Amino acid sequence: MGWLDRRRKPAQAVPQIQLRQPEKHPFGAWDGYVPLHSGETALYRSIREAVPIVDAAILKLIRLVGGVEVEAADPAARAGLRRFLSQVPTGRGQRGLESFLDCYLDSLLTCGRAVGEVVLDRRHREVAALLCANVADIEIREGESPLDFALCARQSGGEPVELPRQDLLLFTPFQPETDSPYGVSLLRSMPFLTGILLKIYQAIGMNWERMGNVRFAVVYKPGSDGMERAYAQERGMQIAREWSAAMQEGKQGSIRDFVAVGDVDIKVIGADNQVLDSEVPVRQILEELVARTGIPPFLLGLSWSSTERMSTQQADMMTSEITAIRRSLTPVVERICEIWLRVHGYETGVEVTWDNINLQDLVEEARAELYRQQSEKLRLEMEQAGAQDRQRKEGEP
């Protein structure tokens with residue numbers, strides 16, 4: 001063994017130090033989101049779970065859309081049809097057409113499509129239930145023409161199999177595109193902005209965790225005395241024990257003084273850091289999200305409208321949005337009623353009427369009614385005065 005070999009030391013691995021653990025919000029899967037028609041339904045549901053204002057907007061849309069009445073063309077079927085629509089089981093202890101439409105519309109807005117089924121009894125003489133299905137389990141097989149399609153379900157082998165009794169299945173796409181029959185979710189344009197919003201909230205929580213629950217840096221500086229330097233480690237451990245005991249007593253509500261000998265410096269970690277102002281970026285993102293839902297901000301408790309006139313215009317736009325959604329649900333209601341009428345042997349003619357959409361203040365409605373009555377009174381007075389003038393002219397020689 002030579003002299004160089006005796007001086008050679010074994011190579012030491014460079015220590016890897018990670019001062020901060022990587023932290024992400026629980027919805028970090030959005031960073032790798034790719035729309036795949038049926039694979040994004042879980043993503044859209046997680047958006048509603050993560051952002052309360054989006055969930056509240058969809059729930060308000062569902063409540064505002066509700067309120068439907070059906071009138072049968074056959075007078076003998078009217079009473080039975082109304083009883084059926086108010087008492088039909090819809091699953092999980094619920095009854096009535098309104099509960100079915102709430103679940104159906106929830107899937108329509110969130111997933112971009114909704115699937116339901118009209119369940120008949122064993123003798124096919126009565127509609128036993130109206131049920132909603134999970135859209136993730138349903139696929140569409142298109143035929144040769146755009147009007148020809150069938151609902152399919154994937155079996156254990158992965159092959160889609162056409163479901164039986166297609167005439168009893170209900171399917172509605174929400175704003176379908178020309179190249180896809182599945183429809184478009186109301187939340188399709190939200191994943192990117194929602195991911196940024198959650199990163200801001202996650203950073204706010206981490207900053208408050210660091211600066212709200214403060215950490216202390218206790219630094220002991222030994223003096224120039226040799227004896228003090230020799231016992232620096234023991235004194236440091238003693239200071240650490242006393243400081244820890246003082247902090248534990250503080251957690252229990254007691255007050256305990258901390259006494260140390262020597263040059264001891266105590267600082268708060270992170271107290272001098274500046275927290276970024278999140279009000280402006282958060283509001284910008286929320287404005288984009290709320291604008292996609294079509295809900296006026298004041299209905300969600302957001303005071304963004306500066307004038308009363310602006311709130312009135314937003315309410316009028318909301319009325320048009322609800323009317324458009326109702327147009328998508330009307331064929332479903334008509335088909336359910338027509339199936340019930342055919343099962344019972346009645347004429348299959350129904351008229352669907354939705355409740356009036358009321359987003360205006362009652363005082364404004366009363367004032368508008370007053371203006372209409374005043375204009376009608378002026379019109380009658382002018383017609384009466386014109387009639388009197390004609391009679392007077394006819395009576396003159």
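Considered as a group, the residues in region 133-153 that are surrounded by 13 or more Cβ atoms within 10 Å (Cβ to Cβ) and of a type outside the set (G, A, S) include one that is nearest to T90 (Cα to Cα), and that residue is V135. Within region 106-117, the set of residues being closer than 21 Å to T353 by Cα and crowded, with 24+ Cβ neighbours inside 10 Å comprises L108 only.
Evaluate the following for E98: is it within 17 Å of W340 (Cβ to Cβ) and of a type in the set (D, E)? So E98 passes the test. Within the option set L197, L193, L147, being in a loop (DSSP other than H, G, I, E, B) and either more than 18 Å from G116 (Cα to Cα) or of a type in the set (F, W, Y) (or both) holds for one residue only, L147. Here I266 fulfils each of the conditions (1) part of a loop (DSSP other than H, G, I, E, B); (2) at pLDDT 75 or above; (3) over 30 Å from G112 (Cβ atoms) apart from (1). Hey, could you check region 218-232 for residues that are within 10 Å of V264 (Cα to Cα) and of a type outside the set (D, E, K, R) and say which is surrounded by the fewest Cβ atoms within 10 Å (Cβ to Cβ)? Across region 218-232, the extreme among qualifying residues is V219. When A114 is tested against (1) touching a His at 6+ places or on another chain (Cβ under 8 Å); (2) under 27 Å from I53 (Cα atoms), only condition (1) is not met. Taken as a whole, the structure leaves A150 outside the set of residues that are within 24 Å of E334 (Cα to Cα) and either touching a residue at least 24 places away in the same chain (Cβ under 8 Å) or in contact with a Phe, Trp or Tyr (Cβ under 8 Å, 6 or more places away or on another chain) (or both). Within region 162-190, the residues that satisfy the criterion of being modelled with pLDDT of 90 or more, closer than 17 Å to V135 by Cα and not in a loop (DSSP other than H, G, I, E, B) are E162, Q166, L168, L169, L170, F171, T172, P173.
The values are calculated or read from the model by the stated rules, or taken from the named source; none is laboratory data. Just so it is clear, the model here is predicted, and its values are computed rather than measured. Please note: Cβ atoms are built from the backbone with ideal geometry, for glycine as well, and neighbour counts cover all protein chains shown.
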